[in-house]
Number of protein chains: 2
Amino acid sequence: MYSFEQLQKKAIEIVENEKYDFNPITLYEPIDYSLHQGGKRIRPMLTLVVADMFDCEIEKAYNAAIAIEVLHNFTLLHDDIMDASPLRRGKPTVYQKYGTNKAILSGDAMFALAYQYILNCDKEFIPSLTKTMTAVLINICQGQAYDMDFENRHDVTKKEYIGMISLKTGVLLAGALKMGAIISKAEAEDMNLLSEFGLNIGIAFQLQDDVLDCWSNLKDFGKVTGTDIADNKKTILYLTAIEKADEKDKQILLNEYLTKTIDFQKKQKTVRDIFEKYSVKEDIEKMIKDYTDKALSALDKVSVEDKKKENLRTFANKLIDRSR
Amino acid sequence: MYSFEQLQKKAIEIVENEKYDFNPITLYEPIDYSLHQGGKRIRPMLTLVVADMFDCEIEKAYNAAIAIEVLHNFTLLHDDIMDASPLRRGKPTVYQKYGTNKAILSGDAMFALAYQYILNCDKEFIPSLTKTMTAVLINICQGQAYDMDFENRHDVTKKEYIGMISLKTGVLLAGALKMGAIISKAEAEDMNLLSEFGLNIGIAFQLQDDVLDCWSNLKDFGKVTGTDIADNKKTILYLTAIEKADEKDKQILLNEYLTKTIDFQKKQKTVRDIFEKYSVKEDIEKMIKDYTDKALSALDKVSVEDKKKENLRTFANKLIDRSR
């Protein structure tokens, strides 16, 4: 069995080692750029962790692991266009660097490349892996559509929000884990438990992201912080504050979220002050812990020796403590 | 064996019958719109024609046929954003109707849906069909990238142009035929011959499209005509004219293609007059015939009775005579 650090290093290595220096370069250069911006490579690592957990040679899971990372980066690439995000991991986003048209097209090609990696896996796994990948992608698109819908709605509930992030973030982590399980020929029941682990840990992950966007600093986070507030994103922080605030503060919040930001700093401070007044951060940290516990309890039921689950437990715990 | 008309009708029917009335509607409505704009459904028909040619029950090929049509429409949807095309089949394009963000996202979901249809096919065919679909898509993206590159280059050759349209249009027709062959468990040699048929007929198809864009009228063509000239697209017409024109006419052409259109009518007339002066249309019609002959000669070698090839021959001949 490999250590957490070894698998993390391996995931980074297999993704970084892939080169995309094909013709036409106008298509492949943005892909190469997108896939070599660093990052923790969490998703491919999860695929490897699961393969290792089931005593499968991790080499057999490399292509599936890369596939899921390429898929993930494809969704980021197109999301950045839709969200008009200037930075990703501290660097210009693909559409900022290469223009919208090339970003759309290179993203499409990455999507196809993700399937290409699946096709490099053992033939027996191709139908299940293709099925998993396709379901993940459809769910992510649904999640992104809800996310955009919510921008124009003022009655979004916390439950709807959790549903949205579960589609947008949870299913991808679940998919990464499931792919590792498929390659390892795991039992269907274990696959379901790992999906449950992934889904819940993915929700916890996104809730943590909301917290970090609000309270982290640019250097640690690698993205511009406070953008959720500037963009009037109805994150879990906002939805919780709206629930808890008295009428006066609620009106202030609603007003701030109805206007385009002019004084970014002032708006951020006003909103953050209300979040802090109602201990929103603590509430969300409690939610993060609950979803993490739910994930861990699904993991407990997976039918492998307990000590083999250590890496996934480490992952879950690191998630809560991260600063970016 | 079915008649050409029966298969054409069936292809239209199976595509039209698919509904996309799922949630979130902001994701699925543009998909539904995109897939119900009429059209000849050439690609799914080709899949059915091939299945029928090999005596395979055409019902077995329905999902693959729909998959290829969904894939095709996904590429149109994203291409229309990149080309800023206002109309498709006489109606507003998806991005015009729903906005760029929804068009990007719905396109992505259509791409995934195309794989979903593949996954509905018999399990034994899934790896080959997935492989075919993925290769087709990567080729189309490469073709579209070359197409965009060519806009900024002034030394594009006719050979490069043919290479580009072969990627952008040919491989999709080849893929549609190949999918029918896969479902029919055809021999590898026959698959290759059918791909060759598709590739060449696809090139002929696009050359014909260039001719129609220049000389057809809006009502017949369903798209705004003359847009290639307005957009300075270096189509086969332009590349042929540049080769044949004397120095004076060549300079006029080069000049027209260096400027943004102000007087659209005037520019179109100037360029068309030069095309006509050098009998460009006749040259391209000769090329179309040559590629069609090449396609038909590959078809001749396919190992089924001659009379079973009648539908593909009809298809090839109709292609040359079409007005849209």
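The values are calculated or read from the model by the stated rules, or taken from the named source; none is laboratory data. The structure presented is a predicted model; accordingly, all values stated were derived computationally and were not measured. No Cβ is skipped: glycine too gets one built from the backbone with ideal geometry, and neighbour counts run over all protein chains shown. To get the accessible areas, we keep the full protein, side chains included, count just its heavy atoms, and leave off ligands, DNA and RNA. Shrake-Rupley method; radii C 1.70, N 1.55, O 1.52, S 1.80 Å.
Is it possible to state the helix-based mean residue ellipticity at 222 nm for the protein assembly as shown, with each DSSP H run of 4+ residues giving -39500 (n - 2.57), the sum divided by total residues, to the nearest 500 deg cm²/dmol? What is it?
-23000 deg cm²/dmol
With springs connecting C-alpha atoms under 10 Å apart, model chain B as a Gaussian network and identify which of B:Lys294, B:Lys277, B:Lys158 has the largest mean-square fluctuation.
B:Lys277
Average projected area of the Cα convex hull of the range B:220-324, in nm²?
8.1 nm²
What does the convex hull of the Cα atoms come to per residue for the protein assembly as shown, in Å³?
Convex hull of Cα atoms, per residue: 155 Å³.
Which value, in Å² and to the nearest 10, is the accessible area of B:Lys10 when all protein chains are kept and the probe is 1.4 Å?
60 Å²
Residue by residue through the range A:122-139, which ³J(HN,Hα) values in whole Hz follow from phi under the Karplus form 6.51 cos²θ - 1.76 cosθ + 1.60 (θ = phi - 60°), with glycine and proline marked x?
Karplus values, whole Hz, x for Gly and Pro: 3, 4, 4, 8, 4, x, 5, 5, 4, 4, 4, 4, 5, 4, 4, 5, 4, 4.
Inter-copy label distances at B:Asp149, 7 Å along the Cα→beta-carbon direction, one decimal in nm, shortest first?
Distances between equivalent label points, in nm: 4.1.
What's the buried accessible area, both sides, between A and B using a 1.4 Å probe, rounded to 100 Å²?
Between A and B, the summed buried area is about 3300 Å².
For the range B:4-321, how big is Rg over Rh, using alpha carbon atoms and the Kirkwood form of Rh?
Radius of gyration over Kirkwood radius for the range B:4-321 works out to 0.98.
What do the square roots of 5 times the Cα gyration tensor eigenvalues come to for the range B:229-268, in whole Å, largest first, as semi-axes of the equivalent ellipsoid?
17, 11, 8
Taking each label point as 7 Å beyond Cα in the direction of the beta carbon, state the distances from B:Gly99 to the same residue in the other copies, shortest first, in nm.
2.4
Select from A:Pro44, A:Pro92, A:Pro30 the residue whose mean-square fluctuation is largest in a Gaussian network model of chain A (Cα-Cα springs shorter than 10 Å).
A:Pro92
Percent relative contact order of the range B:4-321, based on C-alpha pairs within less than 8 angstrom and at least six residues apart?
Taking the mean separation of contacting Cα pairs over the length of the range B:4-321, I get 18 percent.
Determine how large the accessible area of A:Ile138 is when every protein chain is in place; take a 1.4 Å probe and give Å² rounded to the nearest 10.
20 Å²
With all protein chains present, how much of the accessible area of the range B:4-321 (probe radius 1.4 Å) comes from carbon and sulfur, to the nearest whole percent?
50 percent
Inter-copy label distances at B:Thr259, 7 Å along the Cα→beta-carbon direction, one decimal in nm, shortest first?
Ordered by distance, the counterparts are at 4.9 nm.
Heavy-atom accessible area of A:Met53 with all protein chains present, probe 1.4 Å, nearest 10 Å²?
About 0 Å², rounded to the nearest 10.
Measure nothing fancy, just the Cα-based angle from helix A:4-16's long axis to the longest principal axis of chain A, in degrees from 0 to 90, nearest 10.
Long axis of A:4-16 versus the principal axis of chain A: about 90 degrees.
About the Cα centre, and with charges only on the beta carbon of Lys, Arg (+1) and Asp, Glu (-1), how big is the dipole of chain B? Nearest 20 debye, please.
Around 560 debye, computed over chain B.
Can you tell me the dipole magnitude for the range A:268-324 around its Cα centre, using point charges on the Cβ only (Lys, Arg +1; Asp, Glu -1), in Debye to the nearest 20?
Approximately 240 debye in magnitude.
Using only the Cα atoms of the range B:172-273, what are the Rg and Dmax in Å?
For the range B:172-273, the Cα radius of gyration and maximum Cα-Cα distance read 18.6, 57 Å.
Loop sites only, by DSSP: take the GluC sites (Glu not before Pro) in chain A that have at most 13 other C-beta atoms within 10 Å and name the longest stretch containing none of them.
The longest such stretch corresponds to A:58-186.
Given a 10 angstrom Cα cut-off, can you work out which residue in A:Asp79, A:Asp32, A:Asp155 is the most mobile in a GNM of chain A?
A:Asp155
Per-residue Cβ counts within 10 Å, from other chains only, averaged over B:133-140: what number is that?
Counting Cβ atoms of other protein chains within 10 Å of each residue's Cβ and averaging gives 5.
Along each principal axis of its Cα atoms, how long is the range B:94-227 end to end? Whole angstroms, biggest number first, please.
On the principal axes, the range B:94-227 reaches 46, 37, 31 Å in Cα extent.
Set Lys and Arg Cβ to +1 and Asp and Glu Cβ to -1, take the dipole of the range A:125-278 about its Cα centre, and tell me which of A:Val171, A:Leu207, A:Cys141 lies farthest positive.
A:Cys141
So which of A:Lys159/A:Lys244; A:Lys159/A:Lys318; A:Lys168/A:Lys309; A:Lys102/B:Lys102; A:Lys234/A:Lys267; B:Lys19/B:Lys168 end up more than 21 Å apart by C-alpha?
Violating the 21 Å Cα-Cα cut-off are A:Lys159/A:Lys318; A:Lys168/A:Lys309; B:Lys19/B:Lys168.
Convert 4 °C to kelvin, take the viscosity as 1.567 mPa s, use the Kirkwood radius over C-alpha pairs of the range A:61-153 as Rh, and evaluate the Stokes-Einstein diffusion coefficient in µm²/s, rounded to a whole number.
91 µm²/s
Taking only protein heavy atoms and a 1.4 Å probe, what accessible area per residue, in Å², does chain B have with all protein chains in place?
Per residue, chain B has 41 Å² of solvent-accessible surface.
Dipole magnitude of the range A:54-153 about its Cα centre, charges +1 at Lys/Arg Cβ and -1 at Asp/Glu Cβ only, in debye to the nearest 20?
Dipole magnitude for the range A:54-153 comes out near 340 debye.
Per 10 Å bin from zero, what fraction in whole % of the C-alpha pairs of the range B:1-122 is there, up to the bin with the longest pair?
14, 44, 30, 11, 1
Can you tell me the orientation of helix A:280-300 relative to chain A, as the angle in degrees between its alpha-carbon axis and the longest Cα principal axis, to the nearest 10?
20 degrees
Out of B:Ala230, B:Ala109, B:Ala245, whose Cα points farthest toward the positive end of the dipole of the range B:4-321 (charges: +1 Lys, Arg; -1 Asp, Glu; placed on Cβ)?
Result: B:Ala230, furthest along the dipole toward the positive end.
Cut-off under 17 Å on the C-alpha distance; same-chain residues fewer than 8 positions from B:Lys10 excluded. Which aspartates and glutamates are left, in chain and number order?
Of all the aspartates and glutamates, those that pass the test against B:Lys10 - Cα under 17 Å, at least 8 places apart if same chain - are B:Glu18, B:Asp52, B:Asp55, B:Glu57, B:Glu59, B:Glu69.
Taking the 0 to 90 degree range and rounding to the nearest ten, how far is the long axis of helix A:100-119 tilted relative to the main principal axis of chain A, both from C-alpha atoms?
40 degrees
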